[in-house]
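The values are calculated or read from the model by the stated rules, or taken from the named source; none is laboratory data. Please read all numbers here as calculations on a predicted model, not as lab measurements. Don't worry about glycine lacking a Cβ; one is built from the backbone with ideal geometry, like all the others, and counts go over all protein chains shown.
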Amino acid sequence: MSEILVYTLASGSSGNSLLVSCGGVNILFDVGVSGKQIRERLASAGFDIKDISAAVISHEHIDHIRGAGVLSRRNGLKIMATEKTLKTIQRGGRVGEIPSYDTFSRDVPFVAGEMEITAMPTPHNAVEPSAFIIRFSNGKKISIATDLGHMPLGLRNAMKGSDMLILESNYDENMLRNGPYPPTIKDQIMSPTGHLSNCLAAMTLRDLITRDTRNVLLAHLSENNNTPEVALKAVRKYVNSGTTEHPHIEVAKRHEPGEIYRL
């Protein structure tokens with residue numbers, strides 16, 4: 001079994017992208033920053049854009065697709081999404097033409113080298129938003145779930161016992177309530193199809209973490225309604241007080257690459 005690498009290129013409301021690599025197959029999950037930033041941040045970890053097998057898209061919001069068009073046109077990167085998501089991206093015209101693409105269906109696993117990837121539905125205000133469960137031939141599992149207003153039971157069960165969890169911890173409730181956003185936007189963020197708060201992320205993690213869980217990465221933090229320090233304090237305190245398992249918990253960086261996790 002080959003070594004598994006996990007590497008965040010960007011995370012947050014301004015853009016999201018994460019690389020999972022195993023056995024020469026390199027998959028980007030979302031490409032929500034510019035093509036130039038994707039290429040530069042890959043290079044800083046020793047990867048070339050030509051090494052990337054595909055970009056798998058969770059949903060059509062711009063902070064998850066910003067680099068999709070240019071990377072497909074200039075570098076031949078294959079963009080993968082559900083059929084409805086892909087059509088919405090193409091109709092929207094925000095990233096231009098995507099000449100190289102493929103589709104997948106939610107709840108139907110597809111194989112990429114030593115990875116088996118299953119997209120699962122998430123409750124978010126998009127056409128077919130997805131979380132991803134990545135299983136490897138040696139039994140290890142990585143779960144990625146951002147942009148969800150609550151944690152559905154089926155997704156919770158699928159994510160439980162992951163070796164690494166990448167989970168949204170989008171906002172601090174007090175910062176959001178007392179912040180400058182209009183009431184309609186605040187209600188949308190806090191709705192069942194919005195985003196997970198620090199508190200909801202902590203409660204979810206306490207249920208998901210098992211003895212197999214070694215790393216937790218808090219992702220998709222709001223730039224205006226959260227800080228890494230606030231999120232970490234809230235999540236670590238709640239998780240550590242409610243479970244005998246104490247995995248390494250960190251926050252994915254917003255504007256720069258993070259550390260490389262090796263599983």
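Odds and ends about this structure:
- If you go through region 204-256 and keep only what is crowded, with 20+ Cβ neighbours inside 10 Å and in contact with a Phe, Trp or Tyr (Cβ under 7 Å, 6 or more places away or on another chain), you end up with Ser222, Asn225, Asn226.
- Verdict on Lys141 being surrounded by 17 or more Cβ atoms within 10 Å (Cβ to Cβ), within 24 Å of His59 (Cα to Cα), in contact with a strand residue (DSSP E or B) (Cβ under 9 Å, 6 or more places away or on another chain) and among the basic types (Lys, Arg): yes
- Strands (runs of 3 or more DSSP E) lying entirely in region 1-58 (those with 3 or more residues that are within 19 Å of Val251 (Cβ to Cβ) and not charged (D, E, K, R)): 4-10, 17-22
- Every pair of residues 6+ apart whose Cβ atoms lie under 7 Å, when the first sits in region 186-200 and is at negative phi while the second is part of a helix (DSSP H, G or I) and of a type in the set (Asp, Glu): Ser197/Glu173; Cys199/Glu173
Rundown of residues vs (1) at pLDDT 95 or above; (2) in contact with a helix residue (DSSP H, G or I) (Cβ under 7 Å, 6 or more places away or on another chain); (3) assigned to a loop (DSSP other than H, G, I, E, B); (4) surrounded by fewer than 16 Cβ atoms within 10 Å (Cβ to Cβ), yes/no style:
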position: Arg73; (1), (2), (3), (4): yes, no, no, no
position: Leu86; (1), (2), (3), (4): yes, no, no, no
position: Ile89; (1), (2), (3), (4): yes, yes, no, no
position: Asp102; (1), (2), (3), (4): yes, no, no, yes
position: Ser105; (1), (2), (3), (4): yes, no, yes, yes
position: Glu116; (1), (2), (3), (4): yes, no, no, yes
position: Ala119; (1), (2), (3), (4): yes, no, no, no
position: Ala126; (1), (2), (3), (4): yes, no, yes, no
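- Residue selected from region 234-263 under the condition among the small types (Gly, Ala, Ser) and at pLDDT 90 or above, by the criterion farthest from Ser13 (Cα to Cα): Ala234
- Single match in Ile4, Ile38, Ile27 (criterion: at pLDDT 95 or above and farther than 25 Å from Lys140 by Cα): Ile38
- Enumeration of residues in region 22-63 that are surrounded by 24 or more Cβ atoms within 10 Å (Cβ to Cβ) and farther than 27 Å from Ser222 by Cβ: Cys22
- Residue match in region 75-83 (condition: out of contact with any strand residue (DSSP E or B) (no Cβ under 7 Å at 6 or more places or on another chain), outside any loop (DSSP other than H, G, I, E, B) and among the small types (Gly, Ala, Ser)): no
- Criterion: in contact with a Leu (Cβ under 8 Å, 6 or more places away or on another chain) and in contact (Cβ under 8 Å) with a residue 60 or more places away in the chain - qualifying residue of Ala145, Ala131: Ala131
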